[in-house]
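Presented below is the structure to which this report refers.
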Amino acid sequence: MMAMDLILGLPVHPLVVHAAAVFIPLSAIGVVLILFSEKIRKTYTPLVLAVVASATGSTVVASSSGEALSERVGLPVDHAIQGERLRNVVLILAVLVAAWYYLQRSKEKAFAQSQLLNSSLKGVLTVVAGASLALTLVVGHSGATAAWKERIAEPAALTTDAKPAPSTQAGADITLSAQEVAAHN
């Protein structure tokens with residue numbers, strides 16, 4: 001039986017986070033654009049709604065698959081905390097966008113055209129969209145750090161002052177400094 005957190009033997013999490021990393025910023029930008037541009041709203045609202053739904057779905061899958069992956073390889077605490085925050089912010093964004101869309105299509109014109117409600121919702125949506133964009137960067141960075149920090153050499157280790165390790169392959173070229181040659185002359 002194949003585990004549900006794997007696709008063809010690979011963990012789902014690093015595959016699906018790329019979808020979230022694309023859809024969340026696109027949805028945040030799209031939401032702000034349709035909120036404040038009548039021309040864009042008329043043409044692109046269905047597309048933005050689809051992107052918000054994709055962002056929400058990919059975020060939920062990334063969160064749950066991240067939990068499953070952590071059971072296999074250990075928990076990167078900072079990344080897990082930031083990932084949960086991002087998931088919650090994206091869920092809030094989706095609910096607020098749905099409420100905004102409902103108000104825009106409401107048959108009750110007085111309710112739909114309430115300036116205070118409309119302005120308040122636009123302001124809150126803009127803040128939540130900005131938070132989702134910022135948290136996407138934070139979560140992506142913490143995940144990359146957790147995955148790669150121990151595997152990538154520090155730039156200081158790559159300076160020209162460092163002595164190269166001698167090669168053990170027969171016939172391989174060895175680079176020696178003049179000081180090294182003089183020490184063994």
Two-site label geometry, residue 88 and residue 148: point separation in nm, points 7 Å out along Cα→Cβ: 2.9
Spacing of the two label points (7 Å from each Cα toward its C-beta) at residue 182 and residue 29, in nm: 5.7
Residues whose placed amide H lies under 5 Å from that of residue 6, excluding near-sequence neighbours: 12
Calculated from backbone phi, Karplus (6.51, -1.76, 1.60) coupling profile of the stretch 135-143 in Hz, x at Gly/Pro: 5, 4, 5, 5, 5, x, 5, 5, x
Residue-level accessible surface for residue 78, protein heavy atoms, 1.4 Å, Å²: 90
Spacing of the two label points (7 Å from each Cα toward its C-beta) at residue 78 and residue 126, in nm: 3.2
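Assuming R0 = 25 Å, what is the FRET efficiency of residue 105 and residue 67, from their Cβ-Cβ distance, to the nearest 0.05?
On the way: r = 36 Å, r/R0 = 1.45.
The pair residue 105/residue 67 has a calculated efficiency of 0.10.
Quick check: with the 1.4 Å probe, what order do 92, 40 take by accessible area, largest first? If you can, show how the numbers build up before the last one.
Working: 92 90, 40 50 Å².
The ranking, largest first, comes out as 92, 40.
The values are calculated or read from the model by the stated rules, or taken from the named source; none is laboratory data. Bear in mind that the values here come from a model prediction, so they are computed numbers and not experimental data. For neighbour counting, all protein chains shown are included, and Cβ atoms are generated from backbone atoms with ideal geometry for every residue, glycine included. The area values use the complete protein model at the heavy-atom level, side chains included, leaving out ligands, DNA and RNA. Shrake-Rupley method; radii C 1.70, N 1.55, O 1.52, S 1.80 Å.
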